[in-house]
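Step one of this worksheet: look at the structure below.
Just so it is clear, none of the values below were taken in a lab; they were calculated from the coordinates. Here the structure is a predicted model, which is why all the values come from computation and not from measurement. Positions of Cβ are backbone-derived with ideal geometry, glycine not excepted, and every protein chain shown enters the neighbour counts.
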Amino acid sequence: MASRRLALADVAAEPRALPSRYLTPDDLVEMFELPSVETVYQWRRKRTGPRGFRVGRHLRFDPADVRAWVDSQREGAAA
């Protein structure tokens, strides 16, 4: 468990550049090593994840909104 925390701390310490395109739920699963895309949809239902928007029936995320959400999570963890 400690190694997992260390790995997450390393990721959080060095922000990575996000793609310039809008992100899909699958992109978030890959970026955050989530168990499944259902986690992203649960975040959306609970309003706890990054802000997303619909393009027709497809869910997309603005990279700037994802970065802002990550920053807010880091600030909350520091408190």
Determine which single condition residue 59 fails, assuming it passes every other condition in (1) closer than 20 Å to residue 17 by Cα; (2) assigned to a strand (DSSP E or B); (3) in contact with a helix residue (DSSP H, G or I) (Cβ under 8 Å, 6 or more places away or on another chain). (1)
For region 34-56, which residues satisfy the criterion of being within 11 Å of the chain's Cα centre (by Cα) and either in a loop (DSSP other than H, G, I, E, B) or loosely packed, with under 11 Cβ neighbours inside 10 Å (or both)? 34, 48, 49, 50, 51
